[in-house]
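Some notes on the structure that comes next.
The values are calculated or read from the model by the stated rules, or taken from the named source; none is laboratory data. Since this is a predicted model, take the numbers as computed values, not measurements. Please note: Cβ atoms are built from the backbone with ideal geometry, for glycine as well, and neighbour counts cover all protein chains shown.
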Amino acid sequence: MIKINDNFKNQDILSIDQFSQKSLAKLFSVTKRMAKIGRNARPSFLLKGNIATLLFYEPSTRTFSSFSAAMKQLGGETLEITDPQNTSSYVKGESFEDTIKVLEAYCDIIVIRHPEEGSAKKAAEIAKFVPVINAGDGAGDHPTQALLDLYTIYEKFGRVNNLIGVIAGDALYGRGFRSLLKGLSIYKDNTVYLLTPKQLRLRREDFTELKNRGLKLIEIHDSKDIPKNAHFWYWTRIQKERFKNKSDYEKIKNSNFIVDKKLMREKAGKNMILMHVLPRVGEILPEVDEDTRAVYLRSQIRNGMYVRMALLALILGKAK
Ligand code: NCD
């Protein structure tokens with residue numbers, strides 16, 4: 001896995017493990033500039049003449065739209081292919097290899113989401129002329145989600161070290177869940193409470209790997225064990241589509257941990273933030289949305305676009 005230290009130009013972004021504190025500091029400083037552009041009414045032409053292909057084999061609302069908006073905010077264009085299983089030559093039997101080789105001829109960068117773990121890496125190996133960004137590969141990685149989550153934490157606390165977090169939901173199949181954990185392990189002195197159903201706890205090899213990197217992990221299975229001093233909570237849904245056996249999903253879907261006003265009153269500190277990877281399917285009740293600590297439909301969303309603007313500009317060599 002190629003590390004990004006100072007040089008983002010033409011790099012594939014396949015995993016959050018490619019990042020270091022240094023590259024994240026750089027990305028965050030460009031993200032701050034992008035937030036100004038995003039809020040400014042005047043158009044930017046930073047990526048004028050650039051085309052990004054968004055190739056999405058899985059459904060998406062935020063990742064897709066924020067990449068699309070990020071290109072357009074900077075004067076770039078997009079080639080958008082959603083549901084290629086039904087709309088592209090895939091239907092006629094075209095191989096993944098050929099699809100990638102053809103698409104790279106039309107654009108400057110490919111952003112891919114795919115149900116299979118490792119597929120973004122495969123696309124990057126096939127694409128010889130343009131970089132590839134992983135927008136989620138099955139239960140694998142979701143690096144840009146982790147980047148926006150880390151940025152949201154950084155924006156709030158001015159640091160990403162020495163923090164206490166609670167991450168809840170699906171640690172087994174949730175790529176956002178695990179990518180954020182890996183991201184937090186890049187920094188020192190972080191503690192994360194993992195609130196999951198027992199059947200969806202973190203894979204043991206991930207658990208050991210993260211511990212070895214210095215991340216303190218505490219597994220809990222009941223919301224009564226949530227600590228009161230957490231800086232952030234991060235909720236995720238149970239990944240129904242990743243279950244081989246649907247009855248296994250039915251058995252645990254109700255063990256999800258629901259955030260309501262009562263839980264916020266009992267366990268959430270005054271200065272914490274409540275995040276969600278989204279989509280939510282009942283894990284946070286709408287009654288919590290008005291709470292100013294709830295950032296999932298506020299800064300977390302906007303930051304998703306700003307971070308992707310920064311990443312695109314850096315990879316396409318238009319920002320330093
Ligand atoms: C997530 C995903 O697709 O991995 N959504 C997202 O990108 N924000 C999480 C999910 O689907 O639960």
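At-a-glance table
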read-out	value
Any hit, the stretch 64-72, residues being away from the ligand (no atom under 16 Å from the Cβ) and not aromatic (Phe, Trp, Tyr)	yes
Matching residues in the stretch 46-63 - criterion: being within 16 Å of the ligand (Cβ to nearest atom) and not in a helix (DSSP H, G or I)	Leu54, Leu55, Phe56, Tyr57, Glu58, Pro59, Ser60, Thr61
Matching residues, the stretch 178-215, being assigned to a helix (DSSP H, G or I) and small (Gly, Ala, Ser)	Ser179, Gly183
Counted residues, the stretch 1-31 - those being in contact (Cβ under 8 Å) with a residue 24 or more places away in the chain and exposed (fewer than 15 other Cβ atoms within 10 Å of the Cβ)	4
Residue that is farthest from Lys198 (Cα to Cα) [pool: residues in the stretch 240-277 that are in a loop (DSSP other than H, G, I, E, B) and among the small types (Gly, Ala, Ser)]	Gly269
Test: residue in the stretch 135-155 that is modelled with pLDDT of 95 or more, surrounded by fewer than 17 Cβ atoms within 10 Å (Cβ to Cβ) and outside any helix (DSSP H, G or I)	no
Single residue of the stretch 49-64 satisfying the filter (without any contact (Cβ under 8 Å) to a residue 60 or more places away in the chain and over 21 Å from Ser119 (Cα atoms)) that is farthest from the chain's Cα centre (by Cα)	Gly49
Selected residue [farther than 29 Å from Met264 by Cα and basic (Lys, Arg)] from Lys128, Lys182	Lys128
